[in-house]
Structures are given as structure tokens and as C-alpha cells.
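Here is the structure we will look at, set down as C-alpha cells.
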Amino acid sequence: MLRRGPNNDGRLNHDLLPGEKGPQDACGVFGVWAPGEEVAKLTYFGLYALQHRGQESAGIAVSNGSQILVFKDMGLVSQVFDETSLGSLQGHIAVGHARYSTTGASVWENAQPTFRATAHGSIALGHNGNLVNTAELATLVDKLPSDNGRATKVAATNDTDLVTALLAGQVDEDGKPLTVEEAAPLVLPQVQGAFSLVFMDENTLYAARDPQGIRPLVLGRLERGWVVCSETAALDIVGASFVREVEPGEMVAIDENGLRAQRFTEAKPKGCVFEYVYLARPDSDIAGRNVYLSRVEMGRKLAAEAPAEADLVIPTPESGTPAAVGFAEASGIPYGAGLVKNSYVGRTFIQPSQTIRQLGIRLKLNPLKEVIRGKRLVVVDDSIVRGNTQRALVKMLREAGAAEVHIRISSPPIKWPCFFGIDFATRAELIANGMTVDEIGKSLGADSLAYISTDAMIEATTIPKDDLCRACFDGEYPMDLPDPELLGKHLLETEVAGGRDAADALRRP
Ligand code: 5GP
Ligand code: MG
């Protein structure tokens with residue numbers, strides 16, 4: 001039995017207060033095949049570049065051609081690894097993972113890469129995304145032949161470990177164990193939901209992406225090797241050149257014979273639009289479109305759709321910055337920094353004292369009174385989830401002397417939970433549920449509030465609407481979802497402490 005309590009789950013987020021549960025990011029994955037390179041160090045710096053995608057745990061697995069070693073722990077990439085641990089990870093293939101939990105609690109057993117022995121050696125696997133047929137996959141794992149005793153014991157409680165078990169334990173009709181490369185095209189079509197996977201056996205690096213391509217996954221080239229990772233920014237940081245995306249429904253295998261690509265299912269692209277809005281780094285490109293440019297364009301379109309009479313446009317740093325730049329440019333209202341952000345907040349395990357708690361958001365953002373005093377402000381942010389950030393900001397900006405506060409949001413109201421890798425609040429916790437925009441504005445204490453339209457947000461990405469998942473905004477999920485009962489984050493745990501999860505999200509008002 002695994003328990004997740006409010007004080008011991010080690011949860012890290014970008015929220016107002018350390019330890020307070022807020023919306024969370026997807027995970028980051030990184031894999032490299034590069035004989036002669038320090039692959040563990042490349043993976044470390046790749047994960048370091050992907051830290052924004054998950055801050056709960058980090059891990060790296062390395063193969064030297066005859067065995068795989070895994071090192072993983074709770075915490076940030078820079079907290080988990082040091083020279084000694086990286087030095088012990090010698091080899092020519094590595095996969096790494098920075099985790100934010102969407103299925104399974106935030107505990108060591110659920111840190112990744114997951115690892116399993118197979119009849120031919122072993123497998124290590126990292127996953128970004130979230131699966132929606134976890135219950136079905138658990139049944140498939142139960143049905144695996146257990147005679148070799150290898151595949152069936154599932155210690156972890158996350159959806160990922162089920163995939164690892166299935167890849168490790170496949171047999172042909174005669175009961176002969178399959179290799180990972182033989183098993184993958186049989187297993188992957190049975191996996192539903194979002195999965196950008198990097199995995200390896202002793203000799204080969206693999207990467208695979210779900211048929212919808214919900215989460216990003218790209219392929220890059222080193223002088224002496226290959227890289228697969230969540231975002232192009234991580235390619236830049238390790239000096240790899242971008243080759244192409246791993247296509248939706250595609251698996252690639254890389255070893256001394258080069259790169260082999262195959263489709264395991266037909267592609268039905270539905271990339272997550274929220275990657276463009278918030279999740280991905282601005283210096284990454286997804287499906288050929290730069291994220292920063294998308295955000296600036298969202299800001300421009302927002303200014304056209306929802307102008308405001310004001311003296312100054314300020315971003316909610318960092319994530320609101322590109323949209324604020326676009327808003328200022330299109331509106332002609334000067335852009336300025338009205339808030340200073342402590343970039344390290346949310347990365348402490350220390351619970352704030354009562355005095356600090358009352359100061360709330362100041363832990364994270366402090367107003368520049370000299371800039372704000374007497375001004376009519378446009379405050380731009382990328383999204384409102386529960387409304388806590390903007391409510392606290394409005395109060396703080398007024399205390400700092402703002403004459404008016406007009407909130408402009410560069411994504412539409414979030415009304416639906418995500419089952420594909422973002423742990424958004426339940427429907428009941430989403431402020432846009434059951435309130436009009438005016439009512440939300442009042443509840444936040446703003447002089448006015450406006451959101452960008454769904455169409456304008458989509459146009460700003462330049463990606464065709466049909467190729468994007470917009471479910472958190474419009475409730476149109478890109479695939480059939482099983483019974484809500486079967487979708488809970490803690491599905492594979494027998495008891496959940498204080499758990500209100502997405503499981504009942506669709507049934508809530
Ligand atoms: P709220 O305070 O309304 O609950 O959350 C909105 C704030 O959280 C915004 O400033 C936005 O940048 C940030 N945000 C939106 N989505 C996510 C997410 O998935 N993970 C994290 N950590 N922050 C998010
Ligand atoms: Mg933000």
C-alpha cells in the first residue's frame with residue numbers, strides 16, 4: 001500500500017506555496033546512443049534542459065553493452081546526480097527521465113526509468129504522457145506467462161511500469177520469449193493515451209510516440225551518435241542537430257547498424273495545444289512551429305480581440321512573458337516588468353511558516369511598486385486554472401498602488417481535466433467551470449478579464465485545428481475514454497490518502 005499525504009509526498013510545483021497542490025507539468029524524456037561519448041553526462045544535461053517538465057524525481061539508465069545500470073531518486077536533476085554517481089554510469093547508451101506524476105504517487109518506486117529483466121537481458125524505459133487504458137494493461141500484464149518469473153511482478157504503481165512489463169514479457173505462439181524490438185510492435189498498438197517513450201535494451205536505443213503524438217518527441221544527431229528527447233531545446237543544449245520529429249505512431253531503433261524506423265499504428269495527429277500555451281520551453285519547436293513565436297502571436301491576437309485602455313502591459317513571469325510582449329506590440333501600450341520572480345520558489349521542501357504563508361504569492365512574485373503606482377495595468381498570463389495566481393496578483397498590485405488591473409489570458413477558459421499528462425484540477429476545482437468570464441473577473445477582483453478565443457489561440461500555433469488536442473478547453477477528447485472510475489491517478493494503488501482525483505472528474509458538476 002502506498003500512501004500519499006499532504007506533507008510527505010515531496011510534491012514540487014510552480015504554485016504559490018511549496019507543498020500546495022497545483023496544476024503540474026508533463027514529464028521530460030531523453031535518450032542517447034553515442035559510443036565514445038559520456039552518455040550519462042549528456043543525459044544529465046539533457047534532463048537539466050527539460051527540468052521544467054517535471055521536478056519530482058529524476059533518473060538515468062546506462063548500458064555498456066552487457067548490462068544496464070539505473071540511478072534514480074526523488075528531487076531535481078541537480079539534486080539527484082553528482083560527479084560520482086554520473087561517473088559510475090559508464091556505457092554508450094542512456095535513457096533519462098524527469099518526472100511529474102500523473103498516474104501513480106510521487107514516490108521512489110515510481111521514479112523512472114523503469115527497469116525489468118527480460119529473457120534476453122533487460123529493458124529500461126522512460127515515459128512522458130499518461131495512459132487511459134491502465135486497467136486493461138494491468139489485465140494484460142496479469143496474463144503474461146510467469147514461468148520465467150520475470151515479467152509479472154509490478155512493484156511500481158504507475159502506468160509506465162505496465163508497458164515496461166509488457167515489453168519485457170512477450171512470447172510468441174510457441175512460448176518463445178521475444179526481444180524488446182520484436183515485442184514493441186505488438187505491445188504499442190495496445191497502449192492507449194499519451195506516450196512519448198524512450199527505452200533501451202543492452203544494445204539498442206528505442207523511441208516511440210502514440211498515434212496522436214500528444215506529447216512532443218524529437219530525434220537529433222550528434223557527431224558520433226543519436227539523441228531522442230522531449231523538446232528541441234534539449235537537443236540544442238547537448239549540441240545535437242535536429243533531424244525530425246518521431247512521428248505519431250512511429251517507433252525508431254538505433255544501434256551500430258544505424259537508425260531503423262517503423263510505424264506500429266497509423267498516425268492521427270492530435271498534438272497538445274497546451275504545450276504551445278504553457279508547457280514547452282519557448283525555445284523549442286513542436287511540429288515545426290516555434291513555441292515563443294506562437295505565444296507572442298497569441299498575445300497579439302488577444303490584444304485585437306480584447307483591447308484595454310491602459311498605461312502599461314506587464315507579464316505574469318515567466319510563462320506570461322511572450323504573450324505580454326505580443327499584447328504590448330499589437331496594442332501600442334508600453335511593455336514593462338511590474339513583478340519580479342524568484343525562480344527558485346517551489347523547489348524547496350520546507351513548509352512555509354504561518355507568517356510567510358500569509359504573504360502568499362510574495363514568495364514567488366514581488367511587485368515593483370515604483371513601476372506600478374498610479375498605473376492602469378494590463379496583466380497578461382498564459383492561463384487560469386484555479387484562479388489562485390491572478391486573485392493573489394490583483395490584490396498585491398492594488399496594494400502596490402495600481403489604479404486599475406485588467407487581466408488578459410492567452411488561452412481560453414480551462415473547463416475540462418486532462419487525461420494525457422497534465423494533472424489539471426478536477427472539474428470542480430477549475431474556476432472556469434460554471435462561471436461566466438465576468439463572474440470570474442469579479443471573483444478575481446479585476447477591473448476586467450478577457451481570454452483569447454479558442455480559434456485565435458489555435459491560429460497562433462499555425463497548426464491545423466484538427467491536428468490539435470484542445471480537450472481542456474472544449475471537452476473534445478481525442479480518443480474514447482474508459483469509465484471515469486478507471487482513470488484515476490491512483491488506480492494502481494489500493495488506498496489513497498485524502499485522494500480526490502480525476503477519477504470522478506467527468507461526473508462532477
Ligand atoms: P491558477 O493559479 O489559476 O490555479 O494557475 C494558473 C497559473 O499556473 C498560471 O500562472 C500558469 O502559468 C500556471 N500553470 C498553468 N498550467 C500549469 C501546469 O500545468 N503546471 C504548472 N506548474 N503551472 C501551470
Ligand atoms: Mg505562470
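For K176, which aspartates and glutamates qualify as cross-link partners when the Cα separation must be under 12 Å and same-chain residues fewer than eight apart are set aside?
Those aspartates and glutamates meeting the cut-off are D147.
What fraction of the Cα pairs in region 102-238, stated in percent, has a spacing above 22 angstrom? Let's see the in-between values first.
On the way: 3401 of 9316 pairs.
So the pairs more than 22 Å apart make up 37 percent of the total in region 102-238.
Would you mind working out the magnitude of the charge dipole of region 38-195 relative to its Cα centre, with +1 at each Lys and Arg C-beta and -1 at each Asp and Glu C-beta, to the nearest 20 Debye? Could the numbers behind the result be given before it?
Working: 9 positive and 16 negative charges, 50 e Å.
So the dipole magnitude of region 38-195 works out to roughly 240 debye.
Working only with C-alpha atoms, what are the Rg and Dmax values of region 160-292, expressed in angstrom?
Every Cα atom of region 160-292 included, Rg and Dmax give 15.3, 53 Å.
Could you state the per residue volume, in Å³, of the convex hull enclosing the Cα atoms of region 99-138?
Numbers: hull volume 3.6 nm³, N = 40.
Spread over its residues, the Cα hull of region 99-138 gives 90 Å³ apiece.
Under 12 Å Cα to Cα from K341, which aspartates and glutamates show up? Leave out anything in the same chain fewer than 8 places away.
Filter leaves E318.
So what J values fall out for region 388-404 if you push phi through Karplus, 6.51 cos²θ - 1.76 cosθ + 1.60 with θ = phi - 60°, rounded to Hz, Gly and Pro as x?
Values, residue by residue: 5, 4, 5, 4, 5, 5, 4, 4, 5, 5, 5, 4, 7, x, 4, 7, 9 Hz.
When all C-alpha to C-alpha distances in region 417-475 are sorted into bins of 5 Å, what percent of pairs does each bin hold, rounded to whole numbers?
Percent of Cα pairs in each bin: 4, 15, 20, 20, 22, 14, 5, 0.
Find the relative contact order for region 77-130 and round it to a whole percent, using C-alpha pairs within less than 8 Å whose residues are 6+ positions apart.
For region 77-130, the relative contact order is 29 percent.
Taking a threshold of 18 Å on the Cα-Cα distance, which of the pairs K270/K465; K301/K465; K395/K415; K375/K442 fall above it?
Details: K270/K465 9 Å; K301/K465 16 Å; K395/K415 24 Å; K375/K442 20 Å.
Over 18 Å apart, Cα to Cα: K395/K415; K375/K442.
In whole angstrom, how far apart do the alpha carbon centroids of region 279-308 and region 27-64 sit?
So the two Cα centres are separated by 28 Å.
Let me see the pair-distance distribution of region 271-310: every alpha carbon pair, 10 Å bin width, integer percents in order.
30, 45, 21, 4
Using 7 Å Cα-to-Cβ label points, what is the L259/E305 separation (nm, one decimal)?
Distance between label points: 3.6 nm.
If you take the Cα atoms of region 405-446, find Rg, then find the Kirkwood Rh from the mean of 1/r over all pairs, what is Rg/Rh?
Across region 405-446, the Cα-based Rg/Rh ratio is 1.01.
Using all alpha carbons of region 265-349, what is the percent of pairwise distances in each 5 Å bin, ordered from the shortest bin to the longest?
In order of increasing distance, the bins hold 3, 14, 20, 19, 17, 12, 7, 4, 2, 1, 0 percent.
At q = 0.13 Å⁻¹, what is the base-10 log of I(q)/I(0) for region 55-123 according to the Debye formula with one equal point scatterer per Cα and no solvent? Please give it to two decimals.
-0.36
About its Cα centre, how strong a charge dipole does region 367-434 have in debye, to the nearest 20, once Lys and Arg get +1 and Asp and Glu get -1 at the Cβ? Could the numbers behind the result be given before it?
Details: 11 positive and 7 negative charges, 54 e Å.
That gives a dipole near 260 debye.
I'd like the accessible area for W108: 1.4 Å probe, protein heavy atoms, all chains in place, Å² to the nearest 10.
120
The values are calculated or read from the model by the stated rules, or taken from the named source; none is laboratory data. The structure displayed is predicted, hence computed values, not measured ones. Every residue, glycine as well, gets a Cβ built from its backbone with ideal geometry; the counts of neighbours run over all protein chains shown. We work out accessible area using only protein heavy atoms, side chains counted, and drop any ligands, DNA or RNA first. Shrake-Rupley method; radii C 1.70, N 1.55, O 1.52, S 1.80 Å.
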